[in-house]
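To keep things clear, I will list the structure first and then write my remarks on it.
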Amino acid sequence: MRKTPRRSAFYAATATAAAADGPLGFAERIASIPGLAHDVLIGRYEGMTRGRLFLMLAAAFYIVSPVDFLPELLLTIPGLVDDVVVAGWLVASLFGATTAYAAWRGDQAPTTADDPRVVPGEVIRS
């Protein structure tokens, strides 16, 4: 495949997210995306709206599509900047969404939900 500026921006943003510390590795994040999308669409996971999921999907299509609001051929620097901004937003959104989804999924584990010694609640800090 030919390396385009758009693809380079996406790879740079992805590499940044992959190197970031967090509870999940890059492979686990990618693997959790279908489950996240499914749970959002059926209404089981309320940590993300369907609208935000749609925006993420639209951003992914924008990055890979040949149609561009600011084409690189005519406007070199601004044409690249819009792609970098969209790719950065998408990666950051996926990073946050997969982290929150993993935490939610861990809280919903059957071992703690069915354990009579566990009392559901939340920590209130003063």
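For the reader, a short list of remarks on this structure follows.
- Backbone phi angles across segment 37-42, fed through the Karplus curve with coefficients 6.51, -1.76 and 1.60 (θ = phi - 60°), yield HN-Hα couplings of 4, 4, 5, 5, 5, 8 Hz in residue order; Gly and Pro are listed as x.
- Computed from phi, the 3J(HN,Hα) profile of segment 84-94 under the Karplus parametrisation 6.51, -1.76, 1.60 (θ = phi - 60°) reads 5, 5, 5, 5, x, 4, 4, 5, 5, 5, 5 Hz, with x in place of Gly and Pro.
- Distance (nanometres) between label positions extended 7 Å along Cα→Cβ at V85 and S126: 4.6
Bear in mind these aren't lab numbers, they're just calculated from the coordinates by the rules spelled out. Worth saying up front: this structure is predicted, and the values here are computed from it rather than measured. Quick reminder, even Gly has a Cβ in these numbers, built from the backbone with ideal geometry, and neighbours come from all protein chains shown.
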